[in-house]
Structure formats: structure tokens, C-alpha cells
Amino acid sequence: MNFPILSVITFAPLVGAVLVLLIPRKEEDVIRRLSIVISFVPLILAFVVYANVWGNPGEMHFVEEYSWIPTLNVYYRMGVDGISTPMVLLTALLSTLSFFYSSFTIKDRVKEYYFLFLLLEMGMFGVFVSLDFIFFYVFWEIGLVPMYLLIGVWGGQRRIYAAIKFFLFTLVGSVAMLLAILGVYFQTGTFSILDAAAARPFAGNFPLAALAFWGFFLGFAIKVPSFPFHTWLPDGHTEAPTCGSVILAGVLLKLGAYGFIRIVLPLFPQVFSWYSYNVPIVPILAVISIVYGALVCMAQWDLKRLIAYSSVSHMGYVMLGLSAGAASRVVSGDPQGLLTSAALALNGASLQMFTHGIITGGLFFLVGIIYERAHTRDLKAFGGLGAKVPYYYGIMMVTGFASLGLPGLAGFWSELFVFRGTFYVIPLFAVIGVAGIVFTAAYILWKIVQYVFLGEFDQAKWDEATHHAKLTDMTWWEKVTMWPLVAVMVLVGFYPTIIVALLNAANTALLKGL
Amino acid sequence: MLLPQLFLVLGALVVFGLDLIWRDDARKGWLPYVALLGLALALGATLYLLFAADLPSKPILGGMLAVDSFALFFQVIATLVGGLVILSSLDYMLRRTPYRAEFYGLLIIACLAITLVAAGADLIMIYIAIELLSITSYILTGYLREDRKSTEAAIKYFLYGAMASAAMLYGMSLFYGATGTTSLSAIAASLGAAEASLRWLVFPALIFLLAGFGFKIAAVPFHQWSPDAYEGAPTPITAFLSVGPKAAGFAVLVRVLLTALPDFRPDWVAVLSAISMVTMTLGNLVALTQRNIKRMLAYSSIAHAGYILIGLVSWDLWQSAGRFTGINGVLIYLLAYLFTNLGAFVVVIAFEQATGSNQIEDYAGLARTSPAMAATMLIFLFSLTGIPGTGGFIGKLFVFGAAIQVQFYVLAIVGIINSVIAAFYYLNVVRYMFFEPGAGETPAITSTPALKVTLAVTTAMTLIIGLYAQPFIQLVQGAVRMLSG
């Protein structure tokens, strides 16, 4: 038998969580170090997986299949291809960095914090590697619980409201998804995601297929989140502790997008393309998310809330790319050109999932870093920090520029691919969506760069706003947290092939199967 | 075949007897353990019958009792409930009343009644067994004579119960009038052959019968007794009422409908679907506003009766691999619910012992003062919500799966909406335990070894059913297959 590498990745955090539970509460440093060490196991293995998938990203690798509930045909099924592998790597990287960063900032209830965080990590890995609906659903929901508690216990002022809102919104989506899963099961007789996709559930019955489609859509669109289901996100992000926001934006939102590309598109290509082209609800919601999210960002005065809304906008690109991929099935035109463009759009969408995780994860770390000092995130309190904290300024500039899609940094390629692909398939939406890029540039440059860093530093205003907080530049551990992220942004910016090669092969295989 | 029942009767009699013989309190302290021994023997005998013995294919004792794996499944439930409730009531009763022997004795008799209800193959037997269960339950509810709430609860429970029993008896008499027999299988045969002039009687008879059974499972509109009875009864008895009689009610409901009235399935499916939807919705909506945790759990238990009914109406006995059968769902749901709800009540008992309060607000800060207690409560609440990884999810998966399988989409959707509503009030408790700072000094909850054992068992079983459901599903399948054969 082969080494069950995906099981080890998924359940190493669970082992860590159990170990944390056994360590006495007072031994906080032991708990912190143990969690960090444990989180290196999936991180290292994720690189191993990456190297192995590289050869043939269009197929499933490291497949594990054991019977779990034979009566119901529920299997323990795992496997990764070129789409899920970058997500596994992203999860592992952001988790390790979060554990590291938290070990310096979380002082309250350390044991519970790491216990929950490790459980959360397990849930996220589980979703990305599951190939069985029930298995997928179990991890999907298990990840929900620790996040709910992380927001509710370690969050800010309105944490209780935000936690419950987060939980209930997601629960509504996931129960809708559960009904859809059951519907698909009775149609196809299998809980295997791949087999169900091959069987094309409800292919001849559009109303039922549409019903199942909307069930999944609700579950995933709430998580992404797509307008109009996004209202939990600003609250959840704003109130969550720094690393909670990092994981929420960096990974949890991708669970929704991943669901679309892994489940909805392969299972319901016909319905998806119908609602992407004939009745273009999905791309309309996507461009609303893009433009509306960006406009709301411009109106924010809370730095963290601003970045939260920027996620709504940026995840809109993912949805736009996905709908272009789906619409390519029914658009009339040169088949080769359509296939190339659809693949580009999907590559853009799945690359955006990765780069947005890295970039926005970085931005939330940066917000946390300034908040640790100022204890406020009010943009009006800042100004002229550039001269006082040059190192922080530099890192923020790089991350911000990556976010607005500056060529040479990671964000550029994903946006370029999305719009290039979409423009060929559904040009109208590409044209409207491009406005989002302009607004993004505006809020990053105007709101973040200008309000926080430019101008004269006004000591009196700072003292009044922050109650005489001491303003120091980044510490060594903050730099250690940020450097890997900056390195990835630059690496992907200069050499996108390192990840696009995986995505392209997998997405092309996906499109050929539709 | 009746060895388990024999052990239960003996256990009760020995407890009563020893209470008269033993004079000093030190020795009387052993009485609950004697009761536990009786229950353990009964459980052992039941398991032996279930796994090792050849069961009779026809009802025994003149067609009165069916000793089949369906009945034995409920015997397992009954003895487990009895044992766990006794364990959780040791310290609770010690502080509240000097007369404890009868409490344990009556509890065993109530468990005996559950086993008889589940095995009843004749309307007379069913009626007597249900009455036995009801009367012991009334006494146990009003056991704390000094406590006015307890007394009030018992009176209310008794008045509603008497009405329900009367209606049920009337329904039974109609069946007798229509068919000339009280045996369930004979009723089915007779109704199958009966001419149309008699068949119209079945529907009203069914409605009257459902009043009695609905009372036991606390389904709307026969639920009004439950919040008051739950609030006033001694908390271990509340725990018992929320799982024991409910399980018995479902056992008899399933058996009567499936053996006596299979031909009238459209009738009872229509009635029970409506009851199911109203029960879930009303239970959940009213639970939202409750501030007392016992009342909240009472309404939640009403709502759960509604979910379980989904399984019953989505009846599908065609048991092949990969199918969700509704009746399996009923049984597995009950099993998961048993451990989950008892566990939640154990936490309530421990909390009440330490603080004297049952208000949900007073749970504020529990995660800080007693993290282990709060964490187990969290697991139970998530299981009640139906989060995967817990037994509650498997139960919900089964009943909703069965509903979709037989294309009762409306029922499934109403059920799903309800489980989201329910999440709100379960999370409210989580919110107080974990997110709200405690007001002042809430004492740490020190639980007794017996409570710890109960909590450990219930938590472990809630998680085991959630994570490795297969053996439990097989157990349930065996129980149901017997019924359909």
C-alpha cells in the first residue's frame, strides 16, 4: 500500500489538536511550539504532493478509498489534482504562518485557541482533498464550528453578533447543499464526486437539475461570498482575530469557489451555462460583486472592513471566470478559440483563488500589525506613517500593489487571465467588470496608501486617536510572517507558470469533459 | 424470552423490599446500585437475545408480546435510558428528598413499561403497557412533593395524559368494533378482507389512536403538557421523559402502523406529514423565546419528534445497499437523540446542582469556570443542531435522505429550514457559555463521579455514532427487517 499522504496531511492537525488538549493549560509555550511544529508536517507534505502532481495535473493523484458507511455507499475518498493541489499548499502555508504569528499575539486561552485552529486546519484540508460528497460535507461543516468559536471568543467588539451571523449564513447554505447532495445521490446512486459528475445527474430534466444547481449554488455562493449573500463577511472579518481573518479570507472563501469548480461545473454544465449565458444570473452577480464591492471599499474608514469588502470584489473575479468557463459551452463561435478562452478564464479564476489567498492573507496580517500598535483601524487616525515605519510601508506597498494587479506581482496574472478569457466568451460582463480594477486601484492608492502613509506625520493627532500608543516598525517575527507571502507574490508575478501549468492542465481536462 | 423483563421486575421488587428491610441510610445508599444491577442484567439478557438467541417468529403469551429484534432494540434503549438516568440522579435526589427507594424502583418499572410497549402485539397489551408507563411517569414527575412546580407539573401531565389515554382507548374500541379482534396482525388481515361499509371507521379510529401515541412522543397538538412537565419535574426525570416515553411512543407508532394498517398508508402518511411539519415548526419557533433551559429543551424535544416523524412517513422498507429507509432513520435518530439529549440534561443537572439555576443567562462564563463541562455541552448542542461528526447528523441525514428518496421534497425542505431555526437557539446557549463573560463569581461546576461517567458515556456515544455509524445502522436494519418480514 502506498503512503497515505493526503490522510496524513488532513489528520496531522487533528493529532496536533489532541496533543494540545493533553498538555496542561499553563504550558503555553509548549502548546505554541508544538502547534507550529505540527503544522510543518502538512506544509512539507504539500510540497511533496505538488512535486508529484506536477507531472500529470489533469488526473487524480494519491487516491485513497475505503468504505466508511457501506449501507449508504459513503466512502472515505481522497485525491488531488492540479486544481486542489495549490489550495492544499495555500492552506498549509497560511496555517503555519498564522500559528507562528499567533504565538506572539494571542495571550488569552492559548490552549483552546490552538486546539480550535488545528481543527479548522483539518477541516480545510479535508474539503480540498475529499472526493466523496458526504465526506466533503462533513469537513465543510466541521470547519465551520472552530471558526465560529474563534470569532466569538477572540474577536473584537461585536464578535457575538458577527459569530452568529457567520454561522447561520453558512448553515443555511450548507443545508441547501445537503439537500442537493441527496438529490444527486438518488439520481446517480453514488456519493463519489467524480462518478456523479460522469453520470451527469438530471441531464434530461432541466427543472430538477436547476433545483439541485441552486442548492449547491446557495451553499457555495454564501461562502464565496457572492453578492447578495456577502453581508456576513464584513462583520465576520472585522470582528475576527487577525489570524482568523487571514484564514477566513485566505482559505475559507476559497472553499466556496472550489466547490463551484470541483462540483457545480462538472455536475451541472448545462444548467451552469444556461445561467451564465442564456439567463446570465451568475455573471451578473459576479460583476455586481466586483463593482459594488470595490465601491463600498472606497467608502470605508475602517481599514479591516475595507479589506474585507475588497475580498467581495476580488472573489467576484473568480465567479466571473467560472461563469465564462461555463458559458463557453453554449456560445457560438470558433471551438478552438472558445476552448482556449474558457481554459484561460478558469485558469484565471483558480489562480485568483490562490493569489487572493496569499495577498489578502498578507493584507490582514498587515492590518493586524498596525492594530497591535494603534488599537484602532480608523483611517482618519493615521497619516504620514510612511516616514515613521518605512519597513511596514514597503511591505504594505508591495502587497497592496499585488492586490490591485500591478504587473510583476501575483495579482496581475489572475486578473489578466480572467478578463482575457471572459472577454472572448461574454464580452459585456468583462467590460463592466474591468471597472472593478480601476476602483481597486483607487481605493488601494487613495484609501490605504494616501491615508495611512503619505503626508506629514501629526504626533498630536496620533496621540489623541490612539491614546499615546507607541509607534514602532515591524518586529522580527512580523517580518518572518510577511516575507514568505511577499516572496510568493513576486515569484508568481515573475514566473506564473510554476502554478498555471498545474491549473491549465487540470482545467483543460475539466473543460474537455463537459 | 422474557428474561430481561424478569430482571426488571425483580430489580424493582428487590429495591422496594430492601428499602423496608434496611433501616439505616448508609445501607440505603446502595439501593440505586441494586437498581443499576437489575438494569444491567436486563441489558445483558437483551443483548444475548438480540445477538445469540433464536427469536420466536410469532408473538408469545397468546399473541400479546412480540419478542422480535425491533422490540429488543427498544429494550436496549429502555435499559440504557434507565441506567443513565439513575446514574445522573444519585446526587440530585440525595439533596432533595429522603425517600429515594421508590424513585429508583418506579424508574425501573417505567423502563419495564417501555419494553412492553415496544413489544406489544395486541391493542390490549399496548394499552396496558402505555398506562403503566404513563402512571409511573406521573408519579416520577411529581416526586418532589415539597416542590410546588413538581406537583403542578404532575397534575398537568396527568390531566392531559388521562384525556389522551381515553381518546386512544376509544380509537382501539373502534378498531375492535370494525374487526372483532385486538391482535395487530389479525386487524390487518381483517381490514384487508373487510367490505367498504367498515373501512370508513378506520380513519376516525386512527385519529383517536394517534392522539394517544402523539401524546407520548409530544407531537403537536398533543404537546401542551410537555413544557410544564419538563420544567417542573426533577431534572433527571425530565431527561427520562425526553427520551424514554418518546422512544416508546415511536416504537408503538411504527409497529401499529406497519403491522396493523399497512393498507391505509396514504391516510396516515397524510396526517402524520402534516403533524410532522407543524410539530417541527411550532416546537422550534417557541423554543426560540425560552429562557429556561429545561423549557428550551422541552420545545426542542417537540421539534425533534417532528423530524423523526419525517422518517416514519417516508416509509420505505425496501432495504438494499445504498438506500435510506425512513424507518431505519426513525430508529437511528432515536438512538443518537437518546445519548445526545441525556448528555445535555446531565450538564443541566450538574449546573443546577452547583448554582440552583436553570436560566440560560446564568450559563454565562461557563467555558471559563468549567471548560470540560462547557465543551461536552457544546458537542451535545451541535449534535442536536445536526452538525456532522455527531450522532445527530446521522439521524438527520437518514430522515432527510429518506424524504428526498420518496420525493417528499416539501417535507425535506421544511425540515431543513427548521434545523436552521433550531441552530439559532442552540447557539444561544453556546453564546452564553463561551462568549459572554460571567456575571460575578460563578462557581466552578464540580461533578460527582457518577455524573462524570454518564457524561463520558453520552459524549463518547454521540461522537461514535457520528463518526462510525455502520454498526449502529446494521443493528437498526436488523430490527426493522424483522418488522417488515
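Any read-out appearing in this document is the output of simple, stated calculations on the displayed coordinates, not a laboratory observation. Quick caveat, the model's predicted, so the values are computed rather than measured. Heads up, the Cβs are rebuilt from the backbone with ideal geometry, glycines too, and the neighbour counts pull from every protein chain shown.
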**Complete:** Under 15 Å by backbone N from the virtual spin label 7 Å along Cα-to-Cβ at B:Ser185, the residues of the range B:62-92 are B:62-71
**Request:** Pull up the cross-link candidates among the lysines for B:Lys294, meaning alpha carbon to alpha carbon under 19 Å and not fewer than 8 places away within one chain.
**Result:** B:Lys149, B:Lys156, B:Lys216, B:Lys246
**Message:** Given bins 5 angstrom wide, list per bin the percent of all Cα-Cα distances in the range B:264-485, short to long.
**Reply:** 1, 7, 15, 18, 18, 15, 10, 7, 5, 2, 1, 0, 0
**Asked** Per the Kirkwood treatment, what hydrodynamic radius in Å, one decimal, follows for the range B:240-366 from the mean inverse distance over all distinct Cα pairs?
**Response** 16.0
**Prompt:** If you average over every viewing direction, what projected area does the convex hull of the Cα atoms of chain B give, in nm²?
**Reply:** 21.2
**Asked** Taking the Cβ-Cβ separation of A:Ser67 and B:Ile21 as r and a Förster radius of 45 Å, what is the calculated FRET efficiency to the nearest 0.05?
**Response** 0.20
**Asked** Could you work out the helix-only [θ] at 222 nm for chain B, with each DSSP H run of four or more residues adding -39,500 (n - 2.57) and the total divided by the number of residues, to the nearest 500 deg cm²/dmol?
**Response** -25500 deg cm²/dmol
**Complete:** The set of residues whose placed amide H lies less than 5 Å from the amide H of A:Ala240, leaving out same-chain residues fewer than 5 positions away, is A:Gly156
**Request:** Work out which helices of chain A, taken as complete DSSP H runs, extend at least 27 Å along their axis over the Cα atoms and score a mean Kyte-Doolittle of 0.5 or more, then list them.
**Result:** A:28-53, A:84-105, A:110-129, A:133-154, A:159-188, A:303-327, A:335-374
**Request:** Sort out for me the Cα centre separation of the range A:490-514 from the range B:387-461, rounded to whole Å.
**Result:** 42
**Message:** With an 8 Å Cα cut-off and a minimum separation of 6 or more residues, compute the relative contact order for chain B in percent.
**Reply:** 15
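Normalised by the empirical 2.2 N^0.38 Å for globular proteins, what value does the Cα Rg of the range B:411-465 take?
The value comes to 1.62.
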**Request:** In nm, give the distance between the simple-model label positions of B:Ser57 and A:Lys470, each being 7 Å from the Cα along the Cα-to-Cβ direction.
**Result:** 8.8
**Asked** On average over all directions, what projected area in square nanometres does the range B:91-137 have, based on the convex hull of its Cα atoms?
**Response** 3.4
**Paramagnetic reach from A:Leu208 (point 7 Å along Cα→Cβ, amide N under 17 Å) across the range B:393-418** = B:401-413
**Request:** Throw me the Rg/Rh for the range A:273-514, computed over C-alpha atoms with Kirkwood Rh, two decimals.
**Result:** 1.05
**Complete:** Here the residues of the range A:150-184 lying in the modelled label zone of B:Glu436, meaning backbone nitrogen under 13 Å from a point 7 Å along Cα-to-Cβ, are A:160-161
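Exposed loop GluC sites (Glu not before Pro) only (DSSP loop, at most 10 other Cβ atoms within 10 Å): please give the longest stretch of chain B free of them, not including the sites.
Value returned for the longest uninterrupted segment is B:196-440.
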**Gained length - B:Leu463 relative to B:Lys149, 0.36 nm times residue gap less alpha-carbon distance** = 109.6 nm
**Item:** Loop-located trypsin sites (Lys or Arg not before Pro) in the range A:139-175, at most 13 other Cβ atoms within 10 Å (DSSP)
**Value:** A:Arg158
**Fill in**
The answer for chymotrypsin sites (Phe, Trp or Tyr not before Pro) in the range B:61-140 that fall in a DSSP coil and have at most 14 neighbouring Cβ atoms within 10 Å is B:Tyr99
**Complete:** So the FRET efficiency between B:Thr448 and A:Lys479, C-beta based with R0 = 45 Å and rounded to 0.05, is 0.30
**Message:** Can you give the log10 of the normalised intensity I(q)/I(0) at q = 0.06 Å⁻¹, computed with Debye over equal Cα scatterers of the protein assembly as shown?
**Reply:** -0.48
**Fill in**
TM-like helix rule applied to chain B (DSSP H, alpha carbon span at least 18 Å on the long axis, mean Kyte-Doolittle at least 1.6) gives B:3-21, B:31-51, B:101-119, B:123-141, B:202-217, B:371-385, B:409-430, B:449-467
**Item:** Those lysines that a straight Cα-Cα span of less than 28 Å connects to A:Lys470, excepting residues fewer than 8 apart in one chain
**Value:** A:Lys107, A:Lys304, A:Lys380, A:Lys388, A:Lys447, A:Lys461, A:Lys479
**Item:** chain A: radius of gyration over Cα atoms, expressed as a fraction of 2.2 N^0.38 Å
**Value:** 0.93
**Request:** Find the centroid of the Cα atoms in the range A:14-66 and in the range B:354-374, then give the distance between the two in whole Å.
**Result:** 35
**Item:** the range B:175-314, Rg to Rh (Cα coordinates; Rh as Kirkwood inverse mean 1/r)
**Value:** 1.05
**Asked** Cα to Cα, under 16 Å, and not fewer than 8 places away if on the same chain: which aspartates and glutamates meet these conditions relative to A:Lys223?
**Response** A:Glu141, A:Asp235
**Prompt:** Short version: what are the Cα gyration tensor semi-axes of the range B:202-285, square root of 5 times each eigenvalue, largest first, in whole Å?
**Reply:** 25, 14, 10
**Fill in**
Residue span A:Asp334 to A:Ala299: 0.36 nm per residue of separation minus Cα-Cα distance leaves a gain in nm of 8.3 nm
**Request:** Would you please name the trypsin sites (Lys or Arg not before Pro) within the range A:50-112 that are DSSP coil residues with at most 13 other C-beta atoms within 10 Å of their C-beta?
**Result:** A:Lys107
